[in-house]
Amino acid sequence: MNGSDSLAPQCPIERALDFVGDAWSILILRDAHFGLTRFEEFRKSLRIAPTMLTRRLNALQKDGLLEKRVYSERPPREEYVLTDAARDFLPVLMMLGAWAHRNCGNKLARYVDAETSTEIEPIAVDAVTGARLGSRPIRMTAAHDTH
C-alpha cells in the first residue's frame, strides 16, 4: 500500500516518516531526549550546517515534535523542548538502537538506565496479546474510525 492511492488507508509507517523521515530529524530528537535544547548544542553535537539545522528544527516544530521556549529575554534566546509527541518517539529511537546492535556491528554505544546504570535492552511487545513483535505474522487492514 502507498499513500498515492487515495482509496487505500495510508500506511502508518509512511505517515510517521512524513514527520521524522530523515536522519537529521531523528538525530535531533535523539539529542533532545538526552537533554540538548539549544541551537548551538545541536549544531556541535551533530556537526550539521546551520541552514540545515534551522530547516529541520522548523519542520520538527511545525509537525508538533518540538516547541520553542524563550530562556533569555536579554539577549533574546530560545530553546527547543520536546512535546508529548516527541517524548512518545523515545521507544522508536530505542528500538532503532537495538536493531543496530543486532545487525550493524559490535562497537556501538550502549544505553543505560541513568538511575540504576543497568544496560537497557528494549523489546517491542503487543500490548493486547503480550506477544513479542516479530514473533507472529502481521498484516495491514483499513483504519478504524476514532470519531
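Readers should treat all values here as calculations from the given coordinates under stated rules, not as data from a laboratory. Predicted model, so just to flag it, every value in this text is computed and none were measured. Glycine also receives a Cβ, built like all others from the backbone with ideal geometry; neighbour counts cover every protein chain displayed.
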Query raised in the report: Under the Karplus relation 6.51 cos²θ - 1.76 cosθ + 1.60, θ = phi - 60°, what is the ordered set of whole-Hz ³J(HN,Hα) values for region 79-85, x standing for Gly and Pro?
Result: 10, 10, 10, 5, 8, 4, 4
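Going by average Cβ density within 10 Å per residue, which order do the peptides 70-81, 37-48, 55-66 take, highest to lowest?
Per-residue Cβ counts within 10 Å, averaged per peptide and sorted highest first, yield 55-66, 37-48, 70-81.
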Query - Extension gain from I123 to K62, taking 0.36 nm per residue of separation minus the Cα-Cα distance - result: 18.9 nm
Report summary line: Among region 66-95, those whose backbone N falls under 18 Å of a label point 7 Å along Cα→Cβ from F34 are 80-82, 87, 89-95
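Using Cα pairs under 8 angstrom and six or more residues apart, how large is the relative contact order of the chain, in percent?
Values: 116 pairs, mean separation 22.8, N = 147.
Once normalised by length, the contact order is 15 percent.
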Report summary line: Residue-normalised 222 nm signal for the chain, counting each DSSP H run of n ≥ 4 as -39,500 (n - 2.57), nearest 500 deg cm²/dmol, is -11500 deg cm²/dmol
Query raised in the report: Between M140 and R74, what is the FRET efficiency for a Förster distance of 35 Å, r being their Cβ-Cβ separation, to the nearest 0.05?
Result: 0.10
